[in-house]
Amino acid sequence: MKKGNLPPWGPAWSGAALGTAGFAILGGLHGWTVISALLTLLAAGLVLSILAGWARHRIPPIERASLPAWAILGMAITAVGMAQTPLTHQWWLHAILAGLGAIICVGANLAYWPALRGELNFLSLFPVMSPVVPAVGMAQWAASGAGDVVKLIGWALCLLAIGGAIPAFILVYRRMLPLGPPAPLAATCWIPLGIVGQSVVAVLTLGGPRAYGWIVLGLGIPLALWAAWRHWSSLPQWAPYNPTWWASTFPVATCGAGAYALGLHGASLALLYLLVIHWCIAAARALSHAVKG
């Protein structure tokens, strides 16, 4: 699929699968079982079609400049595994997808660091923070009785993501503040919130201190307010459609899951409703673009 200057269907569009899987996970936490099941099936179908699209087009290539797209794909694969587990209780599938996602995300993380010396934007954060998603997958698997080795892997992935995110955040925000990216990329302002929520879930599931969750979610509030201002103010401009429209979905889902893990169920539900809005906007924009195309 290639329309105008947009990339063909492949890893560049993995945000659609990641956001849909995140929606399924957060919806499942709040008892939206049927919706969660449908979204999980949709996310799985998107991942498979994205892989098929890459097999056909070979775009993007596996190289440093395209690692953000591959990191998102690794996170999406893991998120699909996590979304299906409460519905099917198939821990073997959970483990396989978390392991595959971890390999992709760690590979992207380690290979991408030299690129942080160049022109940075919020998309640059994906390879750096991506191991936190399989960290949650490993943490959940360990909590189910998989053993201490899996728990140690979860901690290693979590610390790799958090340790790298701190300097990367400083570099990126120094460049992007105060005005942020242009309107077509405004949704990417939500990306840093991905590790904010997901790291809280990972640390608490691994048995870490609850204080971490309160501190990190507290620090995430001004980031979320700024992202909302930049993103929502761009919507009336009806900027050209591109894959980054989905960047406003999964970070909201992770923050909702983080709030839920801290027992802030009201805040988590509010974030779920915000996620519904963001997901519907991205989906409607995609449908509009497809119809016009």
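The values are calculated or read from the model by the stated rules, or taken from the named source; none is laboratory data. A quick note: this is a predicted structure, and the numbers were derived from the prediction, not measured. A quick note on method: Cβ atoms are made from the backbone with ideal geometry, for glycine too, and the neighbour counts reach across all protein chains shown. The accessibility values were calculated without ligands, DNA or RNA, using every heavy atom of the protein model including side chains. Shrake-Rupley method; radii C 1.70, N 1.55, O 1.52, S 1.80 Å.
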For region 135-293, the fraction of alpha-carbon pairs in successive 5 Å shells from zero, as %: 2, 9, 16, 19, 17, 15, 11, 6, 3, 1, 0
Residue-span extension gain [Ala270 to Ser49] - 0.36 nm each, minus C-alpha spacing: 76.4 nm
Estimated FRET transfer efficiency when R0 is 41 angstrom, pair Asn5-Ile277 (beta carbons, to 0.05): 0.90
Per residue, the convex hull volume that the Cα atoms of region 42-155 enclose (Å³): 102 Å³
Percent of Cα-Cα distances greater than 21 Å, calculated over region 26-90: 33 percent
Trp214-Ala143 pseudo-label distance in nm [points 7 Å out on the Cα-to-Cβ vector]: 2.0 nm
Nitroxide proxy distance, nm - points 7 Å out along Cα→Cβ at Ala284 and Thr33: 3.1 nm
Solvent exposure, largest accessible area first (probe 1.4 Å, DNA, RNA and ligands not counted), of His89, His57: His89, His57
Gain in span if fully extended, Ala65 to Arg175, counting 0.36 nm per residue against the direct Cα distance: 37.7 nm
Kirkwood hydrodynamic radius over Cα pairs of region 11-287, then Stokes diffusion coefficient at 20 °C and 1.002 mPa s, in µm²/s: 118 µm²/s
Length-normalised contact order for region 116-212 - Cα pairs under 8 Å, 6+ apart - percent: 40 percent
Dipole axis of the chain (+1 Lys, Arg; -1 Asp, Glu on Cβ), positive-most option in Ala98, Ala83, Leu110: Leu110
Nearest-20 debye value, the chain charge dipole, Cβ charges on Lys, Arg, Asp, Glu: 560 debye
Hypothetical label at Arg56: residues of region 265-293 whose amide nitrogen lies under 17 Å (7 Å Cα-Cβ projection): 290-291, 293
